[in-house]
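Below is one structure, written out as structure tokens; the observations come after it.
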Amino acid sequence: MLNALLIIFVIAKILGFITWSWWIVLSPLLIQVLIVLLSLISCIIAKFKIDKL
């Protein structure tokens, strides 16, 4: 879903249909990166908590 939105935003930006900042255009990608980072951090925290037990 976010990948399709990213492609649509980039094409619309390149063709001039939207005049948004590139930060907004690339926001679906940034959201995906944040989700992966949060998942990774939570897995690392869970591993340390399990190792302590």
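The values are calculated or read from the model by the stated rules, or taken from the named source; none is laboratory data. Source: prediction; values computed, not measured. Note that each Cβ is placed from the backbone with ideal geometry, even for glycine, and that neighbours are counted across all protein chains shown. All accessible areas refer to the heavy atoms of the entire protein, side chains included, with ligands and DNA or RNA removed. Shrake-Rupley method; radii C 1.70, N 1.55, O 1.52, S 1.80 Å.
Things to note:
- Per residue, the chain exposes 87 Å² of accessible surface when a 1.4 Å probe is rolled over the protein heavy atoms with every protein chain present.
- Percent carbon-and-sulfur accessible area, the chain, ignoring ligands, DNA and RNA, probe 1.4 Å: 81
- For the chain, the longest principal axis of the Cα atoms and the long axis of helix 27-52 meet at an angle of about 0 degrees.
- Label corresponding to volume of the Cα convex hull per residue in Å³ when calculated from the structure given, among (1) 56; (2) 87; (3) 128: (1)
- Against the chain, whose longest principal axis is taken from its Cα atoms, helix 2-15 shows a tilt of about 30°.
- Projected label points at Ile45 and Leu15, each 7 Å from Cα along the beta carbon direction, are separated by 4.3 nanometres.
- By accessible area with a 1.4 Å probe, ligands and nucleic acids excluded, highest first: order of Phe17, Phe9, Phe48: Phe17, Phe48, Phe9
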